[in-house]
Structure formats: C-alpha cells, structure tokens
Amino acid sequence: MGVSRSKNNKDAGSIYDIWRNNALYSNFSVAIMNLDGKSDVKNRSFGTIVKEFNKVSDLNIYLKNSSFEYTLLIYADCEVSPSICDVYSEILLHREDIDILYSDEDIRCVKDDSRTFPFFKPDFSPDTLMSFPYIGKVFLFRTKLIEEVGFFDESLGYETYYDFLLKCFEKGKKFYHTPRVLFSQVRESGDYEYFDANDNIRICQENSLVRRGIFATMALEKRGGSFVVDYAWDDKPLVSIVIPSKDNFDVMKRCVDSILKLTAYKNYEIILVDNGSSDDNREMYSKYTADNSIKYVYGKKDFNFSYMCNVGASHAKGEYLLFLNDDIEIIDVMWLSKLLGQAELPHSGAIGCKLLFGDKERIQHCGVINNLGPTHAFWGFSDYTYYYFGRNRYNYNYLAVTGACLMVSRAKFDEVDGFNNDLSICYNDVDLCFKLYEHGYYNTVRNDVTLLHYESVSRGSDYKDEETEKRLNVERKLLWSLHPDFVKKDPFYNINLTQEKVDFDLRESGTGSVNEIDLTDVKKTDSFMNIDSVEVGDEIKIRGWIISKTDLRTLGCKLSVVLRSDENVIEADAVRQIRTDVQESMGLKVSDIGFNCILPKEYLQPCSNYTIGVIVRNPEGQAEVTWTKEKI
C-alpha cells in the first residue's frame, strides 16, 4: 500500500535537533547506532545524554556503565518525530513494567521529501518477530536488560538489534507497543522492501532456536523475502484430525482421500463426526471409514459445529487436535508437520494456515481480524499479490484463526474448556481463540501452509437469507458478551487501520473529497441499489451496495455518493467494499459492490432534506447516477 501520509518533513528530525535535556527525560538516554559512518553528526550540538556509536562494542561498554534506567536506541538511517520523547516519557510514567517500548513507522524518501508506506504494527507478536524484525530499528529498552539477556552481538553488525529483541522475547520480557508513527526510515527512493532477508537475519533466527533448544530447518520464502522456520521436534506425538460431516459424502471423501495421499507426517488418526446423515449416506460413510481405519462417530442431532468438534475431541487419543472442515482439500505434503511443529511451541495457542478457494488463487483465510466482523483478512483477494507487509506471506500472530483448519494441543484445548456449545454455528472458532489468548497463548497463521477450502459447501453462506443472518447477529452478540474486552478491539490489528474493509487500508475520518456538483452531464439510470444504513452524528456515514449497469470489474471504475436537496447537490468519495452476501445471493461475478462513505455533517445545509444517490464513473470519466428513496 503506497498511501502518502505527508509531503512535509518538518515534523521529523534528527534526535540531536530535538532533544531537550530536562527532568521529564532524565530516566533514559539516547544511543545512536551509526555503524556505516554515513550520518553527518560531527558539527551538531546536543546534550551529554545523547551518544553516537560507530562500533557495537562501544555501545556495550556504554550500556554497562550507564546509570539511566532506559535507553532509546536509534539507528542512524532513521529520523524520529519531535514528539517521541514526550510520548515515551508519558507511557513510562504510567507503566513501570515495560521492558521494550516500540512504535509504528513509515518511510521518508529523500528524493521528493515524501513519507509513504506507513507500517501500523501489531502489539507484541512473538511469531511475527521470528518471521522478520517488525519492531524496527528505533525502540526503547530497560538498560539493565543487558545483564539478563546479554549484550549486543558484535558479530551480527547492523542486525544486532534484531538478535537483542529475540533474546528479550526468549527471556519473557514485557513488550509494549504504542500505535503512533514516531520514526521514519530514510531512503534515497521510496521503495517498498521493509528489510533485507540477509545472512545475518538468518543467523539471528538460528541463534534464537539454539538458545531455546529447538531443532528446525529454515528456508527462504521465495515470494515474501523472509526466512521460514519449520520446527522439527524429536517427539512424534499423535495428532487427532476431527472432521464434522453430514450427508456430504463426496466432499468428505475428497478431503480424506487428500489427507491419506498427501500427508508426510504419519502419526495421526482421523475421527469423522456425523450428526445424522440419511441411512444411505450413513452406510457409505460407515463402509468408507471402515475401509480406511477411520473412527466414525454417529449421532442424530441438530447441526452444532461446536458440539460435533467437542464430541470428536472426546473420542480422540492424540496429544494434539486438528479440527478440519470436510470441504478442505490437502495440496501440501508437509502441511501437518508444519502445523504441528508450530503448535508444539510453549507459547502457541491455535494454529491456522492459508486457505485458498477452489480456484487456487483467491484467499479465503490468512487470519481473522476483529474490526467490524470478526472477519477474514484479505477475503477474496488474489494470493498472487504481496499484501500489507507480507500479511499473506510471513507467519503472523492473529487474535483468531478459522476453525476450518485449526490445530491446538489437547492440554490447552481442555484448559479453556474447548468449543462453546452455545455458539452452535458462527464464531465458535473465534471464541476458542479468544479464550486461548486470554490464557496467555498466541494464535498463529502459517502462511507457508496452503490448503484449498470449498467454503460453506456443507451449510451454505451465513448471509443466504434473513434467518441465517439473524442467527449470525445473535451469535455475534453472545461472543461480545463473553469477551467484552474484544468488542471491536484487536491487539494484532492496529487502530490506525480501516474498520470498514479487510485489506489493511488506512483508517480515515473521511473517505475522501467532498464537492458541490452539477448533475447536468450525469446520466440517470435505474441500477439496482440498496442503502444498508445511514448514521448521522458529527459525521455522516452511509453504507450500501449497488449492482450497476456499468461493469464494476472495469479497472479504474469509481463510486461516489451524491446528496441532493433543493439548495445544493454535493458529491463525496466512497470506498468500495467486498459484499459476498450480495454476490452469492444474486449469483454475481463481482464481489466489491459494496460502498462506504463518510463525510462531515458541516457540508449539509441545515433544515434541508437530502436524497441519496450513487454515481458510477468509468475510466473515461463518464458518469451515471442512481437515486434511492432514502433521505437524510
């Protein structure tokens, strides 16, 4: 995502220019890492509490003798915001338990003095950190940590900060994230690559594995540019694969056949839970499971995904449980080994993977984000593209993963009382993941494991009719009542990111420009459109969808909302949204037919009634408007 945040760099500068030596900052000093000697600081004037180091050994000596409680480490190729001192000091005044403090960042391009690619980071994510040094090259740490975790490693040169952060994680140190852009990486050109997956990065990761006594293999991820860790433990625990299925024999057979054919890890059992198939299907299930040494658990009951999974777990003998939908197809022989290796880590909770639709291109799951949903990140997007800082490439921690393919240790599953039977159809997997996180475990998506998911073959869409949508809303309310701390909150999804979409776009108070418009040259049309909601406060928020006579799949096609009164007509930019509920119910080929528009109330004339319409513009600028009966 290349959204420019600012073209004015007056808000950023060298720490030497902005440091103010007073009591507020007396609890930490500043260390500048200038290993390549390119930073011109010779003639700058700065306080004695700011030190520059050209050698890692000199930094270590300084830290050993430092009397400051905290040290702010800044690499010389980064610029910090003038507010960084105020922000960090304020946080430290209220949080005495912090060992590592980090912030968001962006890139400043020297060529045109622009700031782009803001990286709005998650709260502490150990497996994300093991994937790449997402915390960045500016962070504050408790100085005494060097006595507990060790000094900065001179042999690792520029990447020594990454090794230090990994050692802090290994020692269980407290990381704290503030969701503000407080520094920029400075580059000659505004390129996108966040870090260089070089040998020193690999050595940092290998050293971490050695210190933890973990044997693993590492490989360079071809498309994402990071090293992927495959944990290879000495033990070979039994994995129980639990598959709920009813009257879905052919789909189930495809799933299980693919497991039997394409699973390199052999110490597993399969438990098929059937909640009441017809006599004919039950007979086919019975014969197939008998022929393939599969446990078959049959019992007539209304569909309840949680109950079926819990029943399967009760019949399982394995130390690890893998819950798998019957509409999954295995296409990776190492899938079970990789998921199991991740699940065996002491801090691991639920482990998921990347799921693609049957077309083998579009993403069905690469993590669950808890904005307006909970919903799947990048649902329906092509996996051929590299998304927000490798979200579909690197292994990331998420608050939740889908129950369509979810592995967890049996001990941890029992610790949180398994699936909640009251969440019979929706959000039962999310609830399980919430409980695991609340118990101190981290849920992870292994993006290097890809399976196919022919989604909702068994029970259909959650939006297919009024009854199923009502059920969805009821279970969502129950989820929030069980976990009030997570109502529209997600420690792994930054508050600066959109709450309206699934693509990690930036969160904005408005969706774009607002202008008065002359409708003389705008053709009126009767495209099918619906307004879902209109919220009027300090801002006006309008959400809906449209099936336009102009093909919305056309590259460069844009939507906007128009409001017409007797006094004036205004047009406001709208953001297109994925609406699979409409797509499926209407049998459409395009999914991003939804729209969201936010505009300040001040643009409307007082005491006027406005009719709502939507304008569709093709790439040539030709426009057509569709009006509704909705009024503001």
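The values are calculated or read from the model by the stated rules, or taken from the named source; none is laboratory data. What you see is a predicted model, and the numbers here were worked out from it, not measured in a lab. Positions of Cβ are backbone-derived with ideal geometry, glycine not excepted, and every protein chain shown enters the neighbour counts. Each accessible area value is taken on the protein alone, full model and side chains, heavy atoms only, with ligands, DNA and RNA left out. Shrake-Rupley method; radii C 1.70, N 1.55, O 1.52, S 1.80 Å.
Sort 277-290, 229-242, 405-418 by the packing proxy (mean of other Cβ within 10 Å over each peptide's residues), most packed first.
Final packing ranking: 405-418, 229-242, 277-290.
Put 189, 155 in order of accessible area, highest first, and with a 1.4 Å probe you get 155, 189. Averaged over its residues, the chain has an accessible area of 43 Å² per residue, based on protein heavy atoms and a 1.4 Å probe.
Rounded, prolate or oblate, given the Cα gyration tensor of segment 156-217, with a/c below 1.5 counting as rounded?
Values: a/c = 2.75, a/b = 1.41, b/c = 1.95.
Oblate shape, in that a/c is at least 1.5 and b/c is the bigger or equal ratio.
Shown here are the Rg and Dmax of the Cα trace of segment 127-183, at 11.5, 32 Å.
Only aspartates and glutamates eight or more places from residue 64 in sequence, or on another chain, were considered; those with a Cα closer than 17 Å are 52, 99, 147, 148, 153, 154. Beyond 25 Å in Cα-Cα separation lie the following of the pairs 144/167; 301/354; 246/477; 121/470: 301/354; 246/477; 121/470. Among the DSSP helices (H) of the chain, none spans at least 27 angstrom by Cα along its long axis with an average Kyte-Doolittle hydropathy of 1.6 or more; this is a geometric and hydropathy rule only. A cut-off of 5 Å between modelled amide H atoms, ignoring neighbours fewer than 5 places along the same chain, links residue 446 with 352, 353, 354.
Report the rotationally averaged projected area of the chain based on its alpha-carbon convex hull, in square nanometres. Kindly include the intermediate steps, with their values, before the conclusion.
Details: hull surface 125.1 nm².
Its average projected convex-hull area is 31.3 nm².
Which stretch or stretches of segment 138-162 have amide N atoms under 11 Å from the point lying 7 Å from residue 198's Cα along the Cα→Cβ direction? Answer for this model: 156-160. The listed residues 347, 439, 94, once ranked by accessible area (1.4 Å probe) with the largest placed first, stand as 94, 439, 347. For segment 615-624, backbone phi angles converted through the Karplus equation (6.51, -1.76, 1.60; θ = phi - 60°) give residue-by-residue couplings of 9, 10, 10, 7, x, 7, x, 5, 10, 9 Hz, Gly and Pro being listed as x.
With one equal scatterer per alpha carbon and no solvent term, the Debye-computed log10 I(q)/I(0) for segment 45-159 at 0.11, 0.18, 0.23 1/Å reads -0.42, -1.20, -1.70.
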